[in-house]
1. What's the number of the condition Glu88 fails, among (1) within 20 Å of Thr52 (Cα to Cα); (2) modelled with pLDDT of 95 or more?
2. Among the numbered conditions (1) of a type outside the set (Phe, Trp, Tyr); (2) modelled with pLDDT under 95; (3) surrounded by 11 or more Cβ atoms within 10 Å (Cβ to Cβ); (4) assigned to a loop (DSSP other than H, G, I, E, B), tell me where Thr38 comes up short.
3. Give me a count of the residues in the stretch 75-100 that are of a type in the set (A, V, I, L, M, F, W, C) and farther than 13 Å from Ala24 by Cβ.
4. Hey, does the stretch 65-74 have a residue that's part of a loop (DSSP other than H, G, I, E, B), surrounded by 12 or more Cβ atoms within 10 Å (Cβ to Cβ) and over 10 Å from the mean Cα position of the chain (by Cα)?
5. For the stretch 115-127, which positions are surrounded by fewer than 17 Cβ atoms within 10 Å (Cβ to Cβ) and either touching a residue at least 12 places away in the same chain (Cβ under 8 Å) or in contact with a strand residue (DSSP E or B) (Cβ under 7 Å, 6 or more places away or on another chain) (or both)?
6. Yes or no: Ile46 surrounded by 17 or more Cβ atoms within 10 Å (Cβ to Cβ) and under 19 Å from Pro22 (Cβ atoms)?
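The values are calculated or read from the model by the stated rules, or taken from the named source; none is laboratory data. What you see is a predicted model; the values in this text were computed from it and never measured. Note: ideal-geometry Cβ built from the backbone for every residue, glycine included; neighbour counts use all protein chains shown.
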Amino acid sequence: MLSAALCTALATTVFADNLPAPKAKNVIDQFADSHINTNANQLSKILSNDATFKFTKGTEVLSQSQISVLKQMRQNEGIKQNCTTDIEVLSSNAALVMAKVNFIYEDFIIENYLTLELDQNQNWKITRINKFFKETENPRPNSKR
């Protein structure tokens, strides 16, 4: 019995640092919701003023500012995305969280790697998003012969 209690306590201590603060998890969930509902106002509340978005076009890495992303999102405001989400916290501590948020569409996945930081006002803000576009393999067999 003592061994079981000791193992539980040790596991809790070892893995406790990988769990983000509840408010950081809320920011990650709000990011996913803002994408699904194309809600720029919601996204603007959780981005830092100097947030950057990195993505590729061919072999070139492009960057967008927070202002640019919000402007583009406002042009499509309210469009409901036809996707599901998969959220994983990769690592976290008291001031920094790394998370992966996948938006899974029928033919492709948008992988987002988020960096969240605790700001001077003790609010979690997204400071960087690295975005990857991945095609999914079509699970339906090809019926042509």
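1. Every condition holds for Glu88 apart from (1).
2. Against the list (1) of a type outside the set (Phe, Trp, Tyr); (2) modelled with pLDDT under 95; (3) surrounded by 11 or more Cβ atoms within 10 Å (Cβ to Cβ); (4) assigned to a loop (DSSP other than H, G, I, E, B), Thr38 comes up short only on (2).
3. Result for the stretch 75-100: 2.
4. Initially, the stretch 65-74 is screened for residues part of a loop (DSSP other than H, G, I, E, B), giving none.
No, that holds for no residue.
5. Selection gives Glu117, Asp119, Asn123.
6. So Ile46 passes the test.
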